[in-house]
Each structure stands twice: as structure tokens, then as C-alpha cells.
Amino acid sequence: MRHVLSLFDLNSDEIRRVLELSAQLKADLASGKRESLLENHVIGLLFEKPSLRTRVSFETLTSHLGGNSLFLGSDVGWGTREPLCDFMPILTSYLDLLIIRAKSHALVQKSLEFSQCPVINGLTDVSHPCQALADILTVQEIAGGLQDVSLAYIGDANNVTYSLAVICSRLGIPFNIGAPGAYQFESSFIEQLNADAGKEIIRQTDDPKAAVENVSFVYTDVWTSMGQEAESKQRLKDLAAYQVNEELMSVAAPGAKFLHCLPARRGEEVTSGVIDSPASAIVQQANNRLHAQKGLVVWLMNEHQVQSS
Ligand code: CP
Ligand code: NVA
């Protein structure tokens, strides 16, 4: 049984296959075709944090594929009402697939030990693999492939940055992270990704302009992620020089596009002028959550199971 807790759980060929399936299922949907690939299957969504895109896209794709989804909020008592060794086997014995959005990556890792069905990470404090799949699907659509693209992420190195760094390393896409020293990844993580890629394609710098110079996609995320609210004032100060604004965008390659996982805070990590400009691909990017996750679910539940049986 496979779980997708981070994109380290998929090799390069598997990521490419998921992207291929995502594009194919997106085209199928556009032409009115909705195959019942998950007929009579039940997908649970165990969510500890708020969500618009992740929740609605997973529930919608489950309906498109002929299955049913169950939204499970705090009242089921994951990690609080009974031990994990009771909670997880029972919950997952009812389900065919579980999507988890959690405050603690460590709690998800521990929970997997007791899971009887595949689990997909719908965001933790460490990783957001579904977001990165949708992001790269979007980049591929806009650029017509992944051959000549490059990305810069400006802001703190967070869960979204982590998954972007892993997918870029897996697919050989140059990726620069522009963040103040205290908000960068451990250098050992970057070294590991570059060693996996066989070349130096992931770079960190504290100079936002150096990070953005000549890249084809500029990406940012909120400076205060869910769960970090107590640090918000400090983060606003520390990251003030890392706003994606018109001046920073002008350093990127001509025609560069702007990406944001959303939700955004206009006036903080990005100006309205950038996020609402023609360079912004945020709606296409958010819509691709549906298609990328559909590709991932079909691969995990259908194609991957068939291959491995
Ligand atoms: N980008 C993203 O995961 O959005 P939600 O928090 O709304 O799910
Ligand atoms: N880094 C953000 C992403 C939200 C989709 C957070 O964790 O809150």
C-alpha cells in the first residue's frame, strides 16, 4: 500500500505519469467525459485546518469519478478522543482513501503506522504535495512543457516551498528560493535535493532580485502560515523586503508569470498590482488543484494498484 505524505514518496517517472494522467483527465472533463473510476468508493477528508481549494477540489473530483466523500472535522477526535492505535485502523477500515490536512506532520507519520487504506497529505506544517503537483501542471500548460522553465519562490521556506523544491529536484527544473537567512531551509536539505537531481538546480539566496533574475515563474505564499499566527508581527518585519511587487517582477524574464498557492494577503507578500495583473496565473493554478489531485488519486487507487498487484 502506498501513501503520499510528501513528493519524496514518488519517483520522477511516477510524478511524470501523475502529471500526464492529470492533463488527460482535465481534457476528458472539458470534453464532457466523466469516467466512473472510483464508483462506490469512499474517500475521507480528515481536516484539522481550514481549507477552500483542497477540500472542495477533493470532494468535487470524487463526485466526478463516481465516488463519495466524507468530510471529517475536529469532532471525530483524531489524536484527542482515543489512541491512534484505535482511531486509525477503525477509520481507515471504512474508507478506500484518506486525505489528511494536519497541524503536525509528525502526527500524520505516526498515524500511517495504523492505516489500512492509502493516505494523501492535503497539507501539513512541513509539506503540501498536492499543491506542487498542481503548480507544475500549471507551469507545463503555460510554457507548453517543462524544458525551458525556471521558478523563483520569494518568502519564507515553508510547506509549499518544500514540496516545490522536491518536485523541481525530481523533474530537473531550476528553482531559486529567495528568503532571509533565518527563513531558509537547512543547507543539508538543499544538498540532498541537488544530489538526487545530479546537478545544482535548487539554490537559496537572501537576495530576492538575484533569485528572480530571468526566471519564467515567480511564486510566493503568505508570510504567516496557519499555526504561526503568534509570530505574525515579527514575520511581517523580517520579510518586508521580500514582497513580490512590480519592481521585483521586472527583474524576471520578459513575459514571466506570477503564481501563488492562495489564500493571499494583498499588500503583504504580493501587491494587488501583481496578483491582479495579466501576468498572474492564480485562477488557472487553483483550478488545477482539481485536475492534479484527480490524476494523483486515479494513479494511486487505480493504475498503481493494478501495476503492483
Ligand atoms: N492552497 C490551498 O491549499 O488552499 P486551501 O488552504 O484553501 O485548501
Ligand atoms: N503556507 C500556507 C499554505 C496554505 C495553503 C499555510 O500553511 O498556511
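The lysine pair tally for the chain, using Cα distances under 21 Å and a gap of 8 or more places or different chains, is 7.
Summing charges over all other residues whose Cβ lies under 10 Å from the Cβ of Arg170, with Lys and Arg as +1 and Asp and Glu as -1, gives -2.
Near Trp223, the amide H atoms lying under 5 Å from its own belong to Glu269; only residues 5 or more places off or on other chains count, and H is placed 1.01 Å from N.
As a ratio to 2.2 N^0.38 Å, the alpha-carbon radius of gyration for region 213-299 is 1.21.
In the chain, Cα pairs under 8 Å separated by at least six residues give a relative contact order of 20 percent.
Check Gln204: other-chain or 5+ apart residues with amide H under 5 Å from its amide H, H built from backbone geometry? Residues meeting the amide H criterion: Ile177. Using the Karplus relation 6.51 cos²θ - 1.76 cosθ + 1.60 with θ = phi - 60°, the per-residue 3J(HN,Hα) values for region 221-235 come to 9, 4, 7, 10, 6, 4, x, 10, 4, 5, 9, 4, 4, 5, 5 Hz, with x marking Gly and Pro.
For the chain, a simple Cβ point-charge model (Lys and Arg +1, Asp and Glu -1, everything else neutral) yields a dipole of about 480 debye relative to the Cα centre. Calculated mean residue ellipticity, 222 nm, the chain: -12500 deg cm²/dmol, from DSSP H runs (n ≥ 4) at -39500 (n - 2.57) each, averaged per residue and rounded to 500.
Ranked from largest to smallest solvent-accessible area, with a 1.4 Å probe on the protein heavy atoms, Met88, Met226, Met249, Met1 come out as Met1, Met226, Met249, Met88. Relative contact order for region 181-309: 22 percent, from Cα pairs under 8 Å spaced at least 6 residues apart, divided by residue count. Excluding ligands, DNA and RNA, the accessible surface per residue across the chain is 42 Å² with a 1.4 Å probe. For the residues Gly255, Gly32, Gly178, a GNM of the chain with alpha-carbon springs under 10 Å puts the largest fluctuation on Gly32. Taking θ as phi - 60° and the Karplus parameters 6.51, -1.76 and 1.60, the scalar couplings of region 96-113 work out to 9, 7, 10, 9, 10, 10, 9, 5, 10, 4, 4, 5, 5, 4, 5, 5, 4, 4 Hz in sequence order, x denoting glycine and proline.
Across the alpha-carbon set of the chain, the Rg to Rh ratio works out to 0.96, Rh being the Kirkwood radius. Residue-wise HN-Hα couplings along region 155-160, as the Karplus relation 6.51 cos²θ - 1.76 cosθ + 1.60 with θ = phi - 60° gives them from phi, are x, 8, 6, 10, 4, 5 Hz; Gly and Pro carry x.
Build a GNM of the chain with springs between Cα atoms under 10 Å apart, and of Ile15, Ile90, Ile154 the one that fluctuates most is Ile90. For Val244, the residues whose modelled amide H falls within less than 5 Å of its own, excluding neighbours fewer than 5 places apart on the same chain, are Val270, Thr271. Loop sites only, by DSSP: take the GluC sites (Glu not before Pro) in the chain that have at most 11 other C-beta atoms within 10 Å and name the longest stretch containing none of them. The segment 187-309 is the longest one with no such site. Relative to one another, the C-alpha centroids of region 242-309 and region 98-150 are positioned 13 Å apart.
Taking trypsin sites (Lys or Arg not before Pro) as exposed when DSSP calls them loop and at most 11 other C-beta atoms lie within 10 angstrom, the chain has its longest site-free stretch at 82-198.
For region 113-171, the ratio of Cα radius of gyration to the globular rule of thumb 2.2 N^0.38 Å stands at 1.29. Histogrammed with a bin width of 5 Å, the alpha carbon distances of region 56-113 distribute as 4, 15, 27, 26, 15, 11, 3 percent, first bin at zero.
State the percentage of accessible surface on the chain attributable to carbon and sulfur atoms; use a 1.4 Å probe and exclude ligands, DNA and RNA.
Carbon-and-sulfur percentage of accessible area, whole number: 48.
Take every Cα pair under 8 Å whose residues are at least 6 apart in sequence, average their separation, divide by the length of region 23-136, and the relative contact order is 25 percent.
The values are calculated or read from the model by the stated rules, or taken from the named source; none is laboratory data. Bear in mind the structure is a predicted one, so any value in this text is a computation, not a measurement. Backbone-built Cβ (ideal geometry, glycine too); neighbour counts: all protein chains shown. When the accessible area is computed, the model is the full protein with side chains, heavy atoms only, and any ligands, DNA or RNA have been set aside. Shrake-Rupley method; radii C 1.70, N 1.55, O 1.52, S 1.80 Å.
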